[in-house]
Structures are given as C-alpha cells and as structure tokens.
Amino acid sequence: MNKILHIFFYFFLLFLVIGGLYLANTDLGYFEAAWVKEDGWIENLSALLLLSSCLLLAGRSITYLKRNKKAAFFTTICLSLVFLFGAGEEISWGQRLFEVESSEFFKANNTQDEMNFHNLEWNGIKLNKLIFSQLLSIVLVFYLVIYKGLYHYVARLRSFNDYWGMPIPRWHHVLCLFLMAGLIVLIPSDKKWEILELVLSVTFFLIFLNPFNREVLS
C-alpha cells in the first residue's frame, strides 16, 4: 500500500509541477488566476496534507505513550503540533471559511490583512521571508541531507535518533523534493511557491508514512 501511495503521489507531483511550468510559460494570467490562486485547490490540498501528517503523527504518539516510550512520544507529539500549526497557517485558521474579520493587530501588521503569522511584518522584516523561507530552507537541507547522512554512518547518533523517535527520510523522498524544487524555480511567477508548499506537504507526509527507520520506530 505504501508503495502504491508513493507512486501515485510522485506522478501527481510531476504532473503538478510540469503542468504549472507549461501554463506559466504559455498563459501566465491563467496560471496565477486559476492554478495557484489564493484559497485555490493547491493551497487547500497543502493544508489537507499537513493536517494528514498531523493526524498520522498524533496516532503514532498515542502508540508510543501506550508502550511507555516517553522520548518518542514527546518528539512525535511535538512534530504533530508543528504540522497542525502549518495546516492552520495555510488556511489562515479558517478565517475565510468562517468569514471572520481580522483583528486590528493583523490589519496593521499582516501584509495580506489575514489572521496568520507567516505574513506578519515588523519594521520592514517579513517573517515569511526570514523564518518560513530562509531559516526553513536551512533546516530542510540539514535534515534531509546532512542529518540523514550522519544517521547512516554515526552509530551513536542513530541510536539517539531512534530512541527519540525521529523519522528519517528515504533517499527517494529527498530526490523527489529536490527534483521538484529545481523545476519549480524555473516557473516565471512569484506565486510558484504555492506549488513548492504542496510538494513539501506531500513529501513530508510520505516520509512520516514510510520513514527509512520505520521498523525501529514501530
């Protein structure tokens, strides 16, 4: 089942990115108005995948708790909350869904007047660029490449990691993400990052679903 899901999602991501690249170069207006529009299907699907990762991790944390694996429970429940936060941010915590008006704070400090944190700006500093782009890129490269490589060759780190229950990606997860990211960079639109967010959401869902150290974690 895991293999089938991986194949399905990889072909879906390929279609998504290649389709976006083609549309952006042939009809940029349609690409931005329909393919990657605000509250469009890509953004909603990203939120759904982030929520799916949250629920998957929450379910796994309950299993760890029942087995008295406190360290693994702590790590997994923290990861679950991180992805819950990501899902909430993606849809501005349901603001448009429930037609909730932004507070004065968000109207004054949010670049899109929305109830989310990643679009906040203070003194000319955009959190979206500083934390959710630059810092997140560094963390991703470290986790997917450096940390994963060390996991394979440093026995103490491997034991420490598995004790704390941290999922390790497989190399095809890493390859898929970087390949898709490389193609997305070629899209001539500032809204292309909506596609990258969906690629990240799918990739991490697949990592949590079938990590390299799955047998150890289970």
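The values are calculated or read from the model by the stated rules, or taken from the named source; none is laboratory data. Predicted model only: the values in this text are computed from it and were never measured. Cβ placement follows ideal geometry from the backbone for every residue including glycine, while neighbour counts extend to all protein chains displayed. Just so you know, the surface numbers come from the protein's heavy atoms only, side chains and all, with ligands and any DNA or RNA stripped out. Shrake-Rupley method; radii C 1.70, N 1.55, O 1.52, S 1.80 Å.
Provide the FRET efficiency to the nearest 0.05 for the ILE146-CYS78 pair, computing r from the beta carbons and using R0 = 25 Å.
Numbers: r = 21 Å, r/R0 = 0.83.
Efficiency, from the Cβ-Cβ distance: 0.75.
Positive end of the dipole of the stretch 44-98, charges at C-beta (+1 Lys, Arg; -1 Asp, Glu), about the Cα centre: which of ALA58, PHE85, ALA47 has its Cα farthest in that direction?
Checked the options; the winner is ALA58.
Just to confirm, what accessible area per residue do you get for the stretch 155-218 at 1.4 Å probe, in whole Å²? List each step's numbers first, then the result.
Details: 3160 Å² over 64 residues.
Computed with neighbouring chains in place, this is 49 Å² per residue.
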